[in-house]
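I have placed the structure first, in the form of structure tokens, so that the comments after it can refer back to it.
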Amino acid sequence: MAQRMASVIGKVISPAQSGFVPGRLISDNILMAQELDHKLNYHTRGGNLILKLDMAKAYDRVQWGVLFRVMAAFGFSESVIAFIRRCVTSSWFSVLVNGQLSGFFRSQRGLRQGDPISPFLFILAAELFSRGLEALFAAYPGMAYATGCDMRVSHLAYADDVVIFLNGSLDCVRRGKSFLDRYEAQTGQAINAGKSSFFPSRYISDRRRQQIAAVTGFGLGERPMLYLGVPIISGNKRTVHFAPLLAKIQRKFQGWNLSRLSHGGRLMLIQSVLSSLPVYLLQVIQPPLEVLKKLEGVFASFFWSSVGHDRKVHWVAWKDICRPKQEGGLGIRRLSEVGAALSMKVWFRFREQSTQWARFLRRSYCGMVDPGVVTLRSNASPSWRRMIQTRAVAERQIGWIIGQGHLSFWHDRWMERGPLSEWCTVQGPPDVRVGRFLADGSWSQEILQRVLPSSVAEEVTEVQLRPEEEDVMLWRPTRDGRFTTRSAWEAYRTTHQREDVAIVTWSRLLLPTISVFIWRFFRRRLPVDEILQKRGVCLVSRCQCCAAVESWEHLFYGSLVAGEVWGYFGHLFGVGSWRAMESWRAGTAWSSTGLVREIIPLLICWFLWTARNDSKHRGLRPEGQKIIRQITQYLRVGMASGIIKPRHWRGAISAAQAMVIQVRIRTLHTISVVHWRRPDDGWFKLNTDGSSRGNPGESAYGAIVRDHSGQVVVARQGVLGEGSNIRAELMAILRGLELCVDRQLSPIWLESDSLVALHIIRSSGISWEFREEILRIRRLVRQYGVRCTHIYREGNKAADFLANQAYQVEGERVMEGQEIVGLLLGICRMDRLGLPYIRSSGKQG
């Protein structure tokens, strides 16, 4: 019931309410509140006024009769209302007196918190407030909050968090208070006047402020106004505004036993806890750089165990730590880059124009000018300034699919090469829409050639149109066209060269603490005596196992203990040049799935280091045999816990036996029977397959159509040039469907062995990279009622044969009748006879 309610709730709930409505975000309300607060001092008669309401126990005060009448007014059926009535009126309570239950009594009002349907029922009941307030403002236009925009906003609501925006004259305030009193009387809700507050324009005198307080019973609010946990700042942002965030992070430290945390544990806490705390604020507000530096300074101090008065060396700069692991960092993101990515999200949602806040900004700052080129006004709000700063980067990632043609002809990116204004001279009105160049649902060559060179006009006419649908905006970096913060972060950040050794450094066979150590090891950022001396530390150096100086080379390779350990495992795994890390690789590159052979040198370095520390700080003399036993025990415990699996010992079974570790690599074979099935009478079955040598590389396709008796009607194959597997699969489907349409073969049953391609066709998202192919396929599927199913590759032999044979063909070839010969004919005969194919798959344990 909750899922069904969620699907329709957005159709009846006012735009001002964003709580629990699918597609609406809490950030929309905060951004709108920031925009309206920026207009608080807009000069108007009576001045502007903001009322921030605190509803007392709003869930518990919902009157059931009011809820059911609202549902009936919205058109919910009697059966649905009766079902809801049975759900909400079945609550019984009991009171504990001296630890004993003393009877039960029935609830008379309220909603149960925690019930998945309760939020929807609450906002349905609260819609009475929104509709009533809108009706009041419509009856008295003079109550409107002045913004200089022709779009009126009376209030914002997120569940029971309500803010009202109105004119500050006493008449308007009295009407507003009268409405609130009636609402309380009719619904049973109560406004907590002691916790509610008002925020007047600076043009409202002190005397009238006192009168407003007397009429409403509310207190004068302190700036900045705190709304939904975010400070609504109208002027310059100062560090003090973000002190609660810094205090919240410090409180986290108090609940953690910092002395027990390893570097691996600290890294995980930074990634999963500390880095996520500022994200809520960064979505809606851009803190000063000083605040971001302070936050990152706190993170860095926590990582290097430098919290409080215990100062420690920060061995690696924070900017180098904040890189992806594959590029030599620890996988932490810079807050400035996260803020920029979230600014791009705000811009994307603004361009979608699907929210009240986005439409308000469009009317306030753009008018009829395209948002991509509108100039920044001097009186713009901080939110709009932030969006304009990131506009150029965000617009490069946005693409459009033309529907009814309401998007900008010159400035929106609906062609692969980019907006026309970037590579053509703008002629005529710069704000002209694409629809101006369409006639009867297709491109008008005559109108295009008036403003574009002939070659460009010809290229434009190749762009696919969907005149019966709305224009669609896509986020180009993702496969389904939907925005993701990660893809925005990737588009904004500075990339660095990838490090091959990062694959083994962050192997899943290593504990996080060991991985962090190895990361420092490869950068020589460890407090070895030699390194400390180079950094200006005066000390007498001495190896913990002999009288030599503790140098990097001696500690990890040259000492007697190190030589004994390296020699043992080098002999065990057949590695002669054990000093070179590359000698431990099982192949030409490090294994992405992890191999025991490849982590052995890392474990040796780790346990040599721990032995050195035990000797230095605990007086335990390093011993080669002890380190060997520690490494062996690590591998045994890894096997017992499931971190290390038998398949990770590939190529090193003899080494496992020498360490008395039982390894049985078992391959689980699954055998199944696959049949190609004939279509029903009157149907035609289309089998397709795409192939790419290299992915991306030279690609080809094959498609074959057979009737209900299994006889081949027509087949098609061809090369596609450079491309990926997915593109080849999609092109095979498209070419096959076009072949069926050209030969008037329908109805069509499409069968492909690519689950990815079928998912792309069935989903609502559109990939910018494959948009032309996807749009054509979906149009044909919809127009001809094509049935789409998946078949394993073994049952798709005919199409697979055609795709692989196509590399020997120049261009494309269509075959039918007597042209179907050889092996292809034999495959089709086997399919027609219903002979099975055997599918075998194996998985190593």
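The values are calculated or read from the model by the stated rules, or taken from the named source; none is laboratory data. Computed from a predicted structure; not experimentally measured. Reconstructed Cβ throughout: ideal geometry from the backbone, glycine too, with neighbour counts over all protein chains shown. Side chains are part of the model used for accessible areas, which takes the heavy atoms of the whole protein and leaves out ligands, DNA and RNA. Shrake-Rupley method; radii C 1.70, N 1.55, O 1.52, S 1.80 Å.
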- Query: Any residue in the range 481-500 that is closer than 16 Å to T610 by Cα and part of a loop (DSSP other than H, G, I, E, B)?
  - Reply: no
- Message: Cβ contacts < 7 Å: first residue touching a residue at least 40 places away in the same chain (Cβ under 8 Å) and over 19 Å from K237 (Cα atoms), restricted to the range 375-394; second residue open to solvent by 30 Å² or more (accessible area, probe 1.4 Å) and of a type outside the set (S, T, Y), any location; separation 6+ or different chain. Result?
- Response: V393/A491
- Note on the structure: Over the range 306-341, the set of residues aromatic (F, W, Y) and over 25 Å from the mean Cα position of the chain (by Cα) is W315
- Residues of the range 569-593 satisfying the condition of being more than 36 Å from the chain's Cα centre (by Cα), surrounded by fewer than 20 Cβ atoms within 10 Å (Cβ to Cβ) and either touching a residue at least 60 places away in the same chain (Cβ under 8 Å) or not in a helix (DSSP H, G or I) (or both): L572, G574, V575, G576, S577, R579, A580, M581
- Restricting the first residue to the range 469-484 and requiring it to be among the aromatic types (F, W, Y), which pairs with a second residue that is open to solvent by less than 40 Å² (accessible area, probe 1.4 Å) and not in a loop (DSSP other than H, G, I, E, B) meet a Cβ separation below 6 Å and a spacing of at least six or different chains? F483/F348; F483/W475
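From the set of residues in the range 315-328 that are without any contact (Cβ under 8 Å) to a residue 60 or more places away in the chain and more than 18 Å from G265 (Cβ to Cβ), which is surrounded by the most Cβ atoms within 10 Å (Cβ to Cβ)?
Going residue by residue through the range 315-328, those that are without any contact (Cβ under 8 Å) to a residue 60 or more places away in the chain are 317-322, 324.
Cutting the leftovers down to more than 18 Å from G265 (Cβ to Cβ) gives us 317-320, 322, 324.
Values: A317: 9, W318: 17, K319: 11, D320: 14, C322: 22, P324: 18.
It comes out as C322.
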- Looking at the range 732-750, which of its residues are over 30 Å from W475 (Cβ atoms), assigned to a strand (DSSP E or B) and open to solvent by less than 10 Å² (accessible area, probe 1.4 Å)? I748
- Query: Could you count how many residues in the range 114-141 are within 15 Å of V70 (Cα to Cα) and open to solvent by 50 Å² or more (accessible area, probe 1.4 Å)?
  - Reply: 2
- Any chance D150 is buried (at least 19 other Cβ atoms within 10 Å of the Cβ), under 40 Å from the mean Cα position of the chain (by Cα) and of a type in the set (D, E, K, R): no
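Within the bounds of the range 43-53, is there any residue that is out of contact with any strand residue (DSSP E or B) (no Cβ under 6 Å at 6 or more places or on another chain), surrounded by 13 or more Cβ atoms within 10 Å (Cβ to Cβ), closer than 20 Å to T187 by Cα and of a type outside the set (S, T, N, Q)?
no
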- Query: Which residue, of L342, L376, is open to solvent by less than 40 Å² (accessible area, probe 1.4 Å) and among the hydrophobic types (A, V, I, L, M, F, W, C)?
  - Reply: L342
- Query: With (1) of a type outside the set (S, T, Y); (2) open to solvent by 30 Å² or more (accessible area, probe 1.4 Å); (3) farther than 30 Å from K293 by Cβ; (4) in contact with a helix residue (DSSP H, G or I) (Cβ under 8 Å, 6 or more places away or on another chain) as the list, and K195 as the residue in question, which single condition is left unmet?
  - Reply: (4)
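This table checks each residue for (1) at pLDDT 95 or above; (2) touching a helix residue (DSSP H, G or I) at 6+ places or on another chain (Cβ under 6 Å); (3) in a helix (DSSP H, G or I).
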site: C172; (1), (2), (3): yes, yes, yes
site: S178; (1), (2), (3): yes, no, yes
site: R223; (1), (2), (3): no, no, no
site: P231; (1), (2), (3): no, yes, no
site: K237; (1), (2), (3): no, no, no
site: F253; (1), (2), (3): no, no, yes
site: S259; (1), (2), (3): no, no, yes
site: G265; (1), (2), (3): no, no, yes
- Message: Quick test for you: out of V66, V70, pick the one residue that is touching an Asp or Glu at 6+ places or on another chain (Cβ under 9 Å), surrounded by 10 or more Cβ atoms within 10 Å (Cβ to Cβ) and not small (G, A, S).
- Response: V70
- Message: Condition first: at negative phi, open to solvent by 40 Å² or more (accessible area, probe 1.4 Å), touching a helix residue (DSSP H, G or I) at 6+ places or on another chain (Cβ under 6 Å) and not in a loop (DSSP other than H, G, I, E, B). Can you find one or more residues in the range 441-463 that meet it?
- Response: yes
- Do we have S615 as open to solvent by 30 Å² or more (accessible area, probe 1.4 Å) and of a type in the set (S, T, N, Q) here? no
